[in-house]
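The structure appears below as structure tokens.
The values are calculated or read from the model by the stated rules, or taken from the named source; none is laboratory data. Please read these numbers as outputs of a predicted model, since none were measured by experiment. Don't worry about glycine lacking a Cβ; one is built from the backbone with ideal geometry, like all the others, and counts go over all protein chains shown. Side chains are part of the model used for accessible areas, which takes the heavy atoms of the whole protein and leaves out ligands, DNA and RNA. Shrake-Rupley method; radii C 1.70, N 1.55, O 1.52, S 1.80 Å.
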Amino acid sequence: MNSKLISGAVLLSCGVAAVPAAAQDLGGAGGGNAGEIVVTAQRREQSLLDVPIAVTAIDASAARAMGVTTTMDLPALTPGLDLKFENNSVSTFLRGVGSTNTNGVESAVALYIDGVYYPSLPASAFSLRNVERIEVLKGPQGTLFGRNATGGVIQIVTRKPGQGFEGTVSATYANYDTVEADAYISGGLSADLAADLSFYIRRQGKGWGDYVVKGTDALKSDDLAARTKWVWTPGDVTEVILAGGYGKMKSDVGSANSPIPPSRTVDGQPRGGFYDNRSNGTNRGDVEMWNASLNISQEFEPFSLVSISSYQKVKNRIQFDQDQTPLNLAQIDTHQRQRTMTQELQAFSNSDSNIQWIAGLYFFDFINNYNPIGVSGSALVSTLRNARLRTRSYAAFGQVTVPLGENTNLTVGGRYSKDKIDIVAYNVTAAGTTNFPDRSAKANKPTWRVALDHKLNSDTMVYASYNRGFRSGGFSPNAPTEPAVDPEILDAYEVGMKTQLFDGAVRFEASGFYYDFKNIQLLRTIVGGNSIYNASNAKIKGLEMQVASRANRPFVASASLSLLDGEYGNFTDATFYLLRPNGGARTASGDATGNDTIRTPRVSGNVNATLVQPTAIGDVSFNVSYSYTSKYYFDVQNIVRQPVVHLVNLTAGWASEDGSYEIKGWGRNLLSQRYYARANPQTFGLMASPAAPLTFGATVLFHWK
């Protein structure tokens, strides 16, 4: 890694650590000097300072102050995290590890909501209403979490209803004729039963751009979500939580593409307006999601038991004009149905045990139906592709933390997973039906974690860890005859430090890591769809730092920095795209050895500051956030580039003295940065879909309890 970058990072961390103490912690749950930052990174509630894992924790109040309302906003607060919305799905990268594939293979960065794994990538665009805390765990999580994630885990913990009656209602109006409304109500129904209900709706009346051929709006989205949670406590040591949710989204963001210069579309035309599109076909995604979960916990004197059951259903339709021109060359219409069932059993030691341990069993059943994928147009044979993929996984896991003396702990954990992926596929054309052989792929793998942590004093902990994670392979529904991709394996070595300074007024964390990444799963776009293949290996190394003030004063500040350096090893059979003089591109095999790994910015970071000033008529508040991301590449050839991005967001508001009323105005992307929500090379050109331009609006909120 560049030594100048590391030197600059150290200087920045020292400078930021001197930020004045402030009102609440922008980086974790529980503000104030005495407040503990509680996380569940090891599947039990612990102080952040006691967890030998790199974690970014964000509580609900901090998220609201900084305008974080969906999972797509999290990169502004999390060093090394990159989220992109494409084809009604979410592509997530963490520390340069992730997946650009949005169908057929699970994400390398797993999403958990209240302990439940969400494999469906469309479900990842989760609205953060009714949320208590968000935790982003860095690195492979191959021991305690139900699915093996090579990149990391995003955990969302929603609010738990209590006996007290309370509620919140808010309404927002923003540019592009966008209206939002959300409501939350919670309270006790009996002495041992409490429930809540949250509702969110968003409608965007005008798009960011235009379909210049069709004369309609481009790049707009609508959202609807509802969630409820019921908590029954029949005794002091028993708790039963039933939760359910529904969501619906419509959007053409990520599917309405235009060429990146110097590329041209196949009809020889360059990109027009940055937010405009020249296609004559349909670009749209419609997704509906249903989910339910049951969490039962029972405490016994020496240990506790937890059962987590879940059921999820997703219906997703994606339509896009692949050539993105007025020509009728290739139109894709995908009908996707997903069903997920999970069951997890945990047994773990009680908090007062000298030796902390957890053990469990996990079952996962995921059905991914494509019925059908319709492809049509003059550039290909009109075909209805039908594929059914099913993943079944059984796993046993355990972890134990043993004290080695008064201030040192050794943590050892392991998991053994048995995964089986089946595919049944056939094509229907004018010539008849073609049935493909049924195929299966297996991945029976052990994963593990070893960590050593030491308390230098009551406020400072250092740690070193070695983790192995893997992600199962799979098949490409668009190319069912291609070989199954191999499981990818990541060995991660990390050292870190967590400390509180100035009597707890400032928290500082730093970690350095080295990743040895093998059999990386990559996406290549073909006419009529895409397929998955393996790269050989890559090395990724990095340094991260986070600092936040957390004392009871009116000024709050936080900052983070991520430095990454990733490159492919021996990768001589990469898929390259060579531009044609008259537009479009052709595929060829190329040598990507030594190229930057995709979605790996060398430098990224953010700074956030909030000022709350009490007055005679209530509190006046200001929040400003700035995030920086250096250039990076979307492709292994290193020709499709995301430019340097500077994002500035601002919020100003007033709240009544008792907190019952709040009015705020906000603006995002105040510098009007032009960058991409997604990009990928293909035979129709180097295509990209733009991210949101400058947006601004006002919100009115009423809260009662």
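Note on R264: accessible area is roughly 100 Å² with a 1.4 Å probe, heavy atoms of protein only. The accessible-area ordering, largest first, of the residues E344, E166, E406 stands as E406, E166, E344, per a 1.4 angstrom probe. The heavy atoms of S440 offer some 70 square angstrom of accessible surface to a 1.4 angstrom probe. For a straight C-alpha distance cut-off of 13 angstrom, the aspartates and glutamates reachable from K84 (same-chain residues fewer than eight places away being disregarded) are D73.
Equivalent-ellipsoid semi-axes for segment 342-478 (Cα gyration tensor, √(5λ), whole Å, largest first): 49, 16, 11.
Considering only protein heavy atoms and a 1.4 Å probe, what is the carbon-and-sulfur percentage of the accessible area of segment 207-356? Spell out each step's value before the answer.
Numbers: 3670 of 6440 Å².
Taking all protein chains in place, segment 207-356 shows 57 percent carbon and sulfur surface.
Straight-line cross-link partners of K214 among the lysines, defined as a Cα under 23 Å from its Cα and at least 8 positions apart when in the same chain: K206, K250. In this structure segment 394-525 gives 43 Å² per residue of accessible area when probed at 1.4 Å with all protein chains present. In sequence order, segment 248-259 has phi-based couplings of 8, 9, 9, 6, 10, 5, x, 10, 8, 10, 9, x Hz under the Karplus curve 6.51 cos²θ - 1.76 cosθ + 1.60, θ = phi - 60°, and Gly or Pro positions carry x.
Ranked by accessible surface with a 1.4 Å probe, highest first, in what order do D422, D321, D352, D50 come?
Numbers: D422 30, D321 5, D352 135, D50 70 Å².
Per-residue accessible area, sorted high to low, gives D352, D50, D422, D321.
Each residue of segment 400-414 was assigned a 3J(HN,Hα) from its phi angle through the Karplus curve 6.51 cos²θ - 1.76 cosθ + 1.60 (θ = phi - 60°); the sequence is 9, 10, 10, x, 10, x, 6, 10, 10, 10, 10, 10, 10, x, x Hz, with glycine and proline shown as x.
Here the gap between S458 and K442, fully extended at 0.36 nm per residue and compared with their Cα-Cα distance, gives a gain of 1.1 nm. Computed from label points 7 Å out along Cα-Cβ, the spacing between K539 and A698 is 5.7 nm. In the context of the full protein assembly, E567 retains an accessible surface of approximately 90 Å², using a probe radius of 1.4 Å and ignoring ligands and nucleic acids. For the pair Y246 and F502, label points projected 7 Å from Cα toward Cβ lie 5.0 nm apart.
Compute the relative contact order of the chain as a whole-number percentage, counting only Cα pairs closer than 8 Å that sit 6 or more residues apart in sequence. Show your work: numbers first, answer last.
Values: 2201 pairs, mean separation 93.2, N = 705.
Relative contact order, the chain: 13 percent.
Straight Cα distances below 17 angstrom link K138 to the lysines K498, K539, K541, with same-chain residues fewer than 8 positions distant left out.
Between V266 and G584, the built amide H atoms are under 5 Å apart, and every one of these is 5 or more places off in sequence or on another chain.
Put simply, the Cα atoms of the chain extend 69, 58, 57 Å along their principal axes, the longest span coming first. Label point of T593 set 7 angstrom out along Cα-Cβ; within segment 511-546, amide nitrogens under 13 Å from it belong to 536-537.
If you place +1 on the Cβ of every Lys and Arg and -1 on the Cβ of every Asp and Glu, how big does the dipole about the Cα centre of the chain come out, in debye to the nearest 20? Write out the running numbers ahead of the final one.
Numbers: 63 positive and 62 negative charges, 372 e Å.
In total the dipole reaches around 1780 debye.
Estimated purely from DSSP H runs of n ≥ 4, each contributing -39500 (n - 2.57), the mean residue ellipticity at 222 nm for the chain is -1000 deg cm²/dmol once divided by its residues.
For K664, K539, give the ranking by accessible area with the largest first, probe 1.4 Å.
Values: K664 50, K539 80 Å².
My answer, sorted largest first, is K539, K664.
Using 0.36 nm per residue of separation minus the Cα-Cα distance, give me the extension gain between V644 and E301 in nm, one decimal.
Numbers: separation 343, 0.36 × 343 = 123.48 nm, distance 5.57 nm.
Result for the pair: 117.9 nm of gain on full extension.
Sparse packing (at most 11 other Cβ atoms within 10 Å of the Cβ) combined with a DSSP loop state is found for the following chymotrypsin sites (Phe, Trp or Tyr not before Pro) in segment 236-340: F300.
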